[in-house]
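> Got a structure here, written out as structure tokens. Questions coming.
The values are calculated or read from the model by the stated rules, or taken from the named source; none is laboratory data. Only a predicted model underlies this, so the values are computations on that prediction, with no experimental measurement involved. Neighbour counts run over all protein chains shown; Cβ positions are idealised from the backbone, glycine included. We work out accessible area using only protein heavy atoms, side chains counted, and drop any ligands, DNA or RNA first. Shrake-Rupley method; radii C 1.70, N 1.55, O 1.52, S 1.80 Å.
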Amino acid sequence: MVVIGVDPHKSSHTAAALDSDTHSTLGTVRVDATLVEYRRLLTWARRFGERRWAVENARGLGRHLAQWLIARGETVVDVPPTATARVRELSRGGRRKNDVLDAAAAAGVAALRGDTAPVAAEDATTVLAMLDERRGNLTQQRTRTVNQLHALLRDLLPGGVSTDLTADRACAALTGIRPASPVERARKELARELITDIRALDARLKANTQRMRDAVADSGSSLTDIVGVGPMVAARLLGRTGRASRFPTSAAFAVYAGVAPIEIASANKARHRLSREGDRKLNNALHTIALTQIRMPDSRGRSYYDRKTAEGKTHNEAMRCLKRRLADHVWRLMLADEPRQAREAGPGGHSGATLTSSATGTTPTADSSEKSLPEP
């Protein structure tokens with residue numbers, strides 16, 4: 001097996017072929033980031049017969065090349081830049097750094113079965129991830145615009161306006177303002193421009209919300225059956241997770257979401273601390289579900305939370321326990337949805353049509369020894 005590491009850049013990519021047994025470099029090549037050069041790279045790689053690709057940051061700068069290779073039947077894994085940095089630091093090159101060393105380091109990480117993740121072809125979950133990211137950007141932009149408008153109205157009106165500001169309320173407040181100086185006229189004109197911007201952003205957010213609802217409905221996901229999971233939360237869960245089957249167990253998914261506690265053990269002492277790692281947006285989605293459930297007295301999530309607090313756990317500790325159980329439940333639902341979604345996709349459909357884990361070569365199943373969270 002030959003592992004081909006790739007160090008991607010915006011205008012060029014450098015590849016290094018590594019023998020997985022001897023860890024010796026068999027060859028290197030540099031290509032421009034163009035389709036013609038992609039084909040030259042693949043032609044160069046075919047001389048090695050059995051091979052797989054290790055692309056550094058395959059979900060960032062290396063996304064286009066990685067997806068191009070997958071579409072042509074190649075096996076690709078994603079290597080995080082931090083992993084290549086560690087390998088490069090421990091190599092004989094010391095602190096030297098160049099594209100060839102980075103490509104060889106990426107191949108070395110994959111050859112050692114280190115910190116890598118299989119890359120799958122983009123599918124409907126990728127669309128949900130893009131819509132979720134777009135919604136986040138629009139929300140941040142609207143918040144900044146509202147803050148700017150609030151500051152202008154504070155200078156135009158005695159005492160300003162309430163923080164619960166909308167375009168209509170701001171427009172009504174501007175109606176009664178009669179500018180007495182050129183400065184006030186400029187402020188009022190700028191305020192009108194900001195109101196127009198807010199209305200445009202509201203329209204885009206509304207359209208984005210509808211697209212997310214339609215995409216979740218088309219996916220046929222059963223996540224919306226969970227109390228506290230609406231179309232927006234479901235879209236984030238599906239978009240940030242991708243194929244649930246890429247995680248061999250629910251525990252692996254919990255680690256990825258950053259809801260699995262980290263054990264700190266030394267000698268005869270052991271404790272667990274809160275994880276700050278993992279996908280924080282996915283963690284936020286699970287946190288939203290947990291908050292919604294504990295606010296509903298009749299939900300089973302609230303019953304579980306009450307049992308934990310009765311055991312002496314604090315609010316934060318009980319929330320962490322609930323999020324961990326919710327991660328198990330969410331993963332099982334997404335895993336159970338995959339066979340039906342694969343049948344609906346049919347031959348040649350989305351990449352979710354396979355339930356075989358790329359990392360283990362087996363079909364993931366829920367561990368029967370784990371207690372699943374009761375259906376909320």
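> Expressed as a whole number of Å, what is the distance separating the alpha-carbon centroids of the range 155-181 and the range 69-121?
Here the two parts' Cα centres lie 56 Å apart.
> Ignoring everything except DSSP H segments at least 4 long, calculate the 222 nm mean residue ellipticity for the chain; use -39,500 (n - 2.57) per segment, divide by total residues, nearest 500.
Mean residue ellipticity at 222 nm (helix-derived): -17500 deg cm²/dmol.
> Where nothing but the Cβ of Lys and Arg (+1) and of Asp and Glu (-1) is charged, how large is the charge dipole of the range 28-116 around its Cα centre, in debye to the nearest 20?
200
> Over the chain, what is the relative contact order in percent, taking alpha-carbon pairs closer than 8 angstrom and at least six residues apart?
Contact order relative to length: 13 percent.
> For the range 1-60, what is the accessible area per residue in Å², given a 1.4 Å probe and the full set of protein chains?
I get 48 Å² per residue for this part.
> Which order do THR163, THR143 take when ranked by solvent-accessible area (1.4 Å probe, heavy atoms of all protein chains), largest first?
Descending order: THR163, THR143.
> Out of the DSSP beta bridges found with both residues in the chain, what percent are antiparallel (nearest 5)?
The antiparallel fraction comes to roughly 70 percent.
> Follow-up question, since we're still on this one. At a Cα cut-off below 19 Å, give the aspartates and glutamates reachable from LYS281, other chains included and same-chain residues fewer than 8 away excluded.
Cross-link targets: ASP132, GLU133, ASP328.
> Just VAL161, VAL259, VAL77 to compare: in a GNM of the chain, with alpha carbon springs under 10 Å, which one fluctuates most?
Result for the chain, Cα springs under 10 Å: VAL161 fluctuates most.
> Determine, from the Cβ-Cβ distance of ALA121 and ARG154 and an R0 of 56 Å, the FRET efficiency 1/(1 + (r/R0)^6), rounded to the nearest 0.05.
0.65
> Working with all protein chains in place, sort ARG47, ARG52 by solvent-accessible area computed with a 1.4 Å probe, largest first.
The most accessible residue leads, giving ARG47, ARG52.
> Return the loop-located trypsin sites (Lys or Arg not before Pro) in the range 54-120 (DSSP other than H, G, I, E, B) with at most 16 other Cβ atoms within 10 Å of their own Cβ; answer none if there are none. Show your work: numbers first, answer last.
On the way: sites: ARG59, ARG63, ARG72, ARG86, ARG88, ARG92, ARG95, ARG96, LYS97, ARG113; in loops: ARG59, ARG72, ARG92, ARG95, ARG96, LYS97, ARG113.
Answer in residue order: ARG59, ARG72, ARG92, ARG95, ARG96, LYS97, ARG113.
> Please give every one of the aspartates and glutamates within straight-line cross-link reach of LYS313, meaning a C-alpha to C-alpha distance under 14 Å, and leave out same-chain neighbours fewer than 8 residues apart.
Cα-Cα hits under 14 Å: none found.
> Shifting gears a bit: Given points 7 Å out from each Cα along the Cα-Cβ axis, report the ASP298 to LEU190 separation in nanometres with one decimal.
5.2
> Continuing with this model, one more query. How far is helix 99-111 tilted off the main Cα axis of the chain, in degrees rounded to 10, range 0 to 90?
80
> Excluding ligands and nucleic acids, what accessible area in Å² is computed for VAL255 using a 1.4 Å probe, to the nearest 10?
90
> In the chain, carbon and sulfur make up what percent of the accessible area (probe 1.4 Å)?
50
> Arrange the residues MET1, MET319 by how much accessible surface each exposes, largest first, with a 1.4 angstrom probe.
Final ranking, largest accessible area leading: MET1, MET319.
> For the chain, set up a Gaussian network in which alpha carbons nearer than 10 Å are linked by springs, and say which option among ALA15, ALA180, ALA105 fluctuates the most.
Of ALA15, ALA180, ALA105, the Gaussian network model singles out ALA180 as fluctuating most.
> Of ARG295, ARG324, ARG243, which has the largest mean-square fluctuation in a 10 Å C-alpha GNM of the chain?
Among ARG295, ARG324, ARG243, the largest mean-square fluctuation in the Gaussian network model of the chain belongs to ARG295.
> Which Cα, out of MET296, ALA270, ASN284, lies furthest along the positive dipole direction of the range 265-322 (beta carbon charges, K/R +1, D/E -1)?
Positive-end residue among those listed: ALA270.
> What is the Cα centroid distance between the range 189-225 and the range 1-24, reported in whole angstrom?
Spelled out, the Cα-based centre of one part sits 42 Å from the other.
> Right, here's the next one. Hey, got a sec? Which trypsin sites (Lys or Arg not before Pro) in the range 249-282 land in a DSSP loop and have at most 14 other Cβ atoms within 10 Å?
Those that pass, being in a loop and sparsely packed, are ARG276.
> So what does THR175 come to for accessible area, using a 1.4 Å probe and Å² rounded to 10?
90
> Mind checking the full-extension length gain between ASP279 and LEU205? Use 0.36 nm per residue of separation minus the Cα-Cα distance, one decimal, nm. Intermediate results must be reported in sequence, preceding the final value.
Values: separation 74, 0.36 × 74 = 26.64 nm, distance 2.37 nm.
Additional length available on full extension: 24.3 nm.
> Could I ask something else about it? Using Cα positions and a limit of under 22 Å, work out the lysines in reach of LYS10, with same-chain residues fewer than 8 apart set aside.
Of all the lysines, those that pass the test against LYS10 - Cα under 22 Å, at least 8 places apart if same chain - are LYS97.
> Once amide H atoms are placed 1.01 Å from N in the peptide plane, what residues at a sequence separation of 5 or more from ALA33, or on another chain, have their amide H within under 5 Å of its amide H?
The answer is SER12, HIS13.
> Which of LEU69, ALA244, ASN147 sits closest to the plus end of the dipole of the chain, meaning its Cα is farthest towards the positive end, when Lys and Arg get +1 and Asp and Glu get -1 on the C-beta?
ASN147
> Follow-up question, since we're still on this one. Taking the Cα centre of the chain as origin and charging only Cβ (+1 Lys, Arg; -1 Asp, Glu), how large is the dipole, in debye to the nearest 20?
Dipole size: approximately 780 debye.
> Quick one: how many Å² of ILE262 are accessible to a 1.4 Å probe, rounded to 10?
Result for ILE262: roughly 50 Å² accessible.
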